[in-house]
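The structure appears below as structure tokens.
Each value in this text was obtained by applying a stated rule to the coordinates, not by laboratory testing. Not measured: the values here are computed from a predicted model. Note that each Cβ is placed from the backbone with ideal geometry, even for glycine, and that neighbours are counted across all protein chains shown.
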Amino acid sequence: MNSISEAVLITGASHRLGLAIALKSIELGFHAIIHHRTERDELREVLENNSELRSQITTIPYELTQSPEALVDKAYSLPFNLTGLVNSASIFTPGNLTDYNHFERVLNINALVPSRLAAQFYNKGGNGWVINITDAICNKPSVHYQNYRISKVLLELLTKQQAMLFAPKIRVNAIAPGAMIPGEAEDSEYFKALESQVPMKKTGDIKSFLDTYSYLIGTPYINGQILRVDGGWSVAP
Ligand SMILES: NC(=O)c1ccc[n+]([C@@H]2O[C@H](COP(=O)([O-])OP(=O)(O)OC[C@H]3O[C@@H](n4cnc5c(N)ncnc54)[C@H](OP(=O)(O)O)[C@@H]3O)[C@@H](O)[C@H]2O)c1
């Protein structure tokens, strides 16, 4: 008897952490529905060089400033049982509260869109889990990437509120990573220098990030939590 595969929709998963989450999902036995805007080389290489993985991936190109709900509808139209949603797509650009056009764009993609995707998953009768990707140090007030930080704080609040609203059908949790991969506009020297600020004296521990993802999926009594995976960076003075 053929059973329908369980699938996870991961946003912004054409490269970097999003793609790593997609590949981990496959390792955990899910079909990966990879949402992307741009098809990046990292994804192209995976699809071109590994036929086994290719059969476990479906890609959906989509611009998230359009109706986010339509992305969930597209995922639902596939012949899988959608059980997970990972909100990883995000805008990470500098900007502070002197620039409200930037603030609106960042708030939309980093907080409103993820919560609308989760709501559509719930409204369609979904059963499973949502994991939002926030940021370990978003709660530290700073003018550096201020709008980005505020958007991630809001996403953490939405995580807790939706966890209450959607239970017991859907669990909503978040992972708040510390410095994992330098931003595209950041230089690697700056990133390396961050190590001295992290109590565990290390950046880039993607394995811990992915282990946390796997732990959250496999632990059904955890709901409404934000797990910081940052080597203690967020508690350092
Ligand atoms: N990297 C780190 O060390 C780190 C640290 C803390 C938190 N995080 C969080 O972890 C997550 C993944 O980080 P990352 O650095 O791997 O991501 P990233 O390189 O910033 O990629 C984010 C993805 O989001 C997509 N995206 C942005 N706006 C979009 C839109 N309007 N429509 C569709 N897609 C859109 C981008 O698409 P395009 O490819 O088309 O630009 C991009 O591929 C993010 O939520 C980030 O905030 C990362």
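Please list, ordered by chain and number, the residues whose modelled amide H lies under 5 Å from the amide H of Arg228; skip anything fewer than 5 residues away on the same chain.
Distant-sequence amide H within range of Arg228: Ala176.
List every residue whose amide H lies under 5 Å from the amide H of His31, counting only residues 5 or more places away in sequence or on a different chain, with H placed 1.01 Å from N in the peptide plane.
Counting only residues 5 or more places away or on other chains, the set is Glu6, Ala7, Val8.
What angle, in degrees between 0 and 90 and rounded to the nearest 10, separates the Cα long axis of helix 146-166 from the longest principal axis of the Cα atoms of the chain?
Approximately 40 degrees, to the nearest 10.
List the trypsin sites (Lys or Arg not before Pro) within the stretch 75-139 that DSSP assigns to loop and that have no more than 14 neighbouring Cβ atoms inside 10 Å.
Lys124
Run the dipole for the stretch 40-107 about the Cα centre, Lys and Arg Cβ at +1, Asp and Glu Cβ at -1, nothing else charged, and hand back the magnitude in debye, nearest 20.
About 100 debye.
When Lys and Arg each count +1 and Asp and Glu each count -1, what net charge do the other residues less than 10 Å away from Leu64, Cβ to Cβ, add up to?
Within the 10 Å Cβ shell, the charges total +1.
Between Asn132 and residues 5 or more places away or on another chain, which pairs have amide H atoms under 5 Å apart, with H built 1.01 Å from N, and which residues are they?
Correct list: Asn87, Asn173, Ala174, Ile175.
Looking only at His102, His144, His15, which one moves most when the chain is put into a Gaussian network model with springs between Cα atoms under 10 Å?
With Cα springs under 10 Å in the chain, the top fluctuation among His102, His144, His15 is at His144.
Exposure proxy check: Thr203, Thr11, Thr219 ranked by fewest other beta carbons within 10 Å?
Least crowded to most crowded, the residues run Thr219, Thr203, Thr11.
Spin-label point model (7 Å from Cα, Cβ direction): what's the Leu165 to Leu28 distance in nm?
Taking the two extended label points, one gets 2.3 nm.
Exactly which chymotrypsin sites (Phe, Trp or Tyr not before Pro) in the stretch 87-119 are in a DSSP loop and have at most 16 other Cβ atoms within 10 Å?
The qualifying sites are Phe92.
Using θ = phi - 60° and the Karplus curve 6.51 cos²θ - 1.76 cosθ + 1.60, what whole-Hz ³J(HN,Hα) does each residue of the stretch 9-14 get, with Gly and Pro shown as x?
9, 10, 8, x, 10, 7
Can you put Asp135, Asp99 in order, fewest other beta carbons within 10 Å first?
Ranking Asp135, Asp99 by Cβ neighbours within 10 Å, fewest first, gives Asp99, Asp135.
Once you have a ≥ b ≥ c as the square roots of the Cα gyration tensor eigenvalues for the stretch 87-237, tell me rounded if a/c is under 1.5, and otherwise prolate or oblate according to whether a/b is larger than b/c.
Cα axes put the stretch 87-237 in the oblate bin.
Of the options Phe121, Asn223, Cys138, report the single residue whose Cα projects farthest towards the positive end of the charge dipole of the stretch 6-231 (beta-carbon charges: Lys, Arg +1; Asp, Glu -1).
Farthest towards the positive end: Asn223.
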